[in-house]
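The block underneath contains the structure these notes are about, expressed in structure tokens.
The values are calculated or read from the model by the stated rules, or taken from the named source; none is laboratory data. Predicted, not measured: the structure shown is a model, and the values here were computed from it. So basically every Cβ, Gly included, is an ideal-geometry build from the backbone, and we count neighbours across all protein chains shown.
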Amino acid sequence: MNETPLLTVSGLSAGYGAGRMIADVSFSLCPGEILCLVGESGCGKSTVLKSVMGTTPGLEILSGEIVLNGQDLLRLPPRERRRIACDTFGMVFQSPGAAFNPIRSYRKQFAETLKSHGKYDRETFETRVAEAFEKMGLADVPRILSCCPYEMSGGMNQRIALALALLLEQDILLADEPTSALDATIQRQVAEELRRLRDVSGMAQIIVTHNLALAQFLADRVGVMYAGRLVELGTPDQVLGDPRHPYSRALIAAIPTLRGDMPRGLAGQPPLSGPADAGCEFCERCPVRENGCTERPYALSSAGGGHWTACDRTGGGI
Ligand SMILES: Nc1ncnc2c1ncn2[C@@H]1O[C@H](COP(=O)(O)OP(=O)(O)OP(=O)(O)O)[C@@H](O)[C@H]1O
Ligand SMILES: [Mg+2]
């Protein structure tokens, strides 16, 4: 893998209106690399993706840098930033319907989007769309193309949005829970397709998921988010196989298995007010907290070999 990052996010803080919802988020993405972001609901995963994409109304970047190919996107005039983002990033939204106008046929929407990216060719349109649909496990292309998104199930819309991302062949795919509405068999096919996309076209990807097994299967690196901060980052073997942060360990312990009792889960809720200025946000729920945890400033420390964690306390039954 080429080690010069394509995208470097440094010290990124962002929020909606008055509230800061993510803080000090830093990571890099090399060409062809797949980064999976995991963490409980409300931890800021979608906000990170939307901040990188830069097209969400009401989302304000408070500080930090988003450097793409050596250029800080946040220093560009908004229109220029939007143009570069639309050329570079393919975005698959958390709500599968959000990518499309619900009452306009897929045929029209696919043609328009491909045209706006200079990738439309009338002769090959149907064949190329059929290939992309097939990769996402979708049959009967003419019928789907003549339908409107409101006529499709959530899982079908999700795959159609991914098929469009395949056709646009951008450098970086930002996909927010791209398999959440899919059943287990098709999830596997879509995950394999995302991996193949990386292998064949070198498309780098940031994938948000609640599914740790998907992250293990897909990711080159996994980032665990809690209350708007990245609390652990490393390879899947490091983060999911040898987790250091008490929150990562608790998250893994909460995974239900097919045979066996439902796990106890993790008591309490993440704070909804976003990251605090000082102190570990997880300490209220943490079984290994100490007195100093409420004041310790946030920082990632190296656990060796590219594995980073904001805490490495052990014990407490997790
Ligand atoms: N448009 C918005 N306006 C105000 N607050 C928002 C908005 N979108 C998200 N938030 C808040 O920002 C915080 C982070 O939300 P975000 O959607 O990034 O979480 P998430 O990790 O993607 O959660 P989930 O797993 O449920 O999708 C939450 O507290 C949420 O309420
Ligand atoms: Mg989300």
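Taking the condition of being more than 18 Å from residue 317 (Cβ to Cβ), away from ligand 1 (no atom under 16 Å from the Cβ) and buried (at least 17 other Cβ atoms within 10 Å of the Cβ), how many residues in segment 265-293 meet it?
1
Quick one: which residue in 250, 278 is on the phi < 0 side of the Ramachandran plot, part of a loop (DSSP other than H, G, I, E, B), modelled with pLDDT of 85 or more and out of contact with any Phe, Trp or Tyr (no Cβ under 6 Å at 6 or more places or on another chain)?
Testing whether each residue is on the phi < 0 side of the Ramachandran plot, part of a loop (DSSP other than H, G, I, E, B), modelled with pLDDT of 85 or more and out of contact with any Phe, Trp or Tyr (no Cβ under 6 Å at 6 or more places or on another chain) leaves just 278.
Filter segment 66-105 down to residues that are of a type outside the set (D, E, K, R), free of Cβ contacts under 8 Å to residues at least 40 places away in the same chain and not in a loop (DSSP other than H, G, I, E, B) and give me whichever is nearest to ligand 1 (Cβ to nearest atom).
98
Given the conditions (1) at pLDDT 95 or above; (2) more than 22 Å from residue 173 (Cβ to Cβ), report the number of the one that residue 102 does not fulfil.
(1)
Out of all the residues in segment 99-117, is one or more under 30 Å from residue 39 (Cα atoms) and either surrounded by 17 or more Cβ atoms within 10 Å (Cβ to Cβ) or of a type in the set (D, E, K, R) (or both)?
yes
Working carefully through the options 228, 202, find the one that is out of contact with any His (no Cβ under 9 Å at 6 or more places or on another chain), buried (at least 24 other Cβ atoms within 10 Å of the Cβ) and at positive phi.
That would be 228, the only listed residue that is out of contact with any His (no Cβ under 9 Å at 6 or more places or on another chain), buried (at least 24 other Cβ atoms within 10 Å of the Cβ) and at positive phi.
In this structure, does residue 144 turn out to be more than 27 Å from residue 52 (Cα to Cα), part of a helix (DSSP H, G or I), aliphatic (A, V, I, L, M) and more than 26 Å from the chain's Cα centre (by Cα)?
yes
To keep it simple, each residue is scored yes or no on (1) modelled with pLDDT under 95; (2) more than 12 Å from ligand 1 (Cβ to nearest atom); (3) out of contact with any strand residue (DSSP E or B) (no Cβ under 6 Å at 6 or more places or on another chain).
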| position | (1), (2), (3) |
| --- | --- |
| 4 | yes, yes, yes |
| 7 | no, yes, no |
| 11 | no, yes, no |
| 19 | yes, no, yes |
| 23 | no, no, no |
| 27 | no, yes, no |
| 30 | no, yes, yes |
| 47 | no, no, no |
| 57 | yes, no, yes |
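Filter segment 16-60 down to residues that are touching a residue at least 40 places away in the same chain (Cβ under 8 Å), in a loop (DSSP other than H, G, I, E, B) and away from ligand 2 (no atom under 11 Å from the Cβ) and give me whichever is surrounded by the most Cβ atoms within 10 Å (Cβ to Cβ).
33
Can you name the number of the only condition in (1) buried (at least 17 other Cβ atoms within 10 Å of the Cβ); (2) more than 14 Å from ligand 1 (Cβ to nearest atom); (3) modelled with pLDDT of 95 or more that residue 63 fails?
Just one mismatch for residue 63, condition (1).
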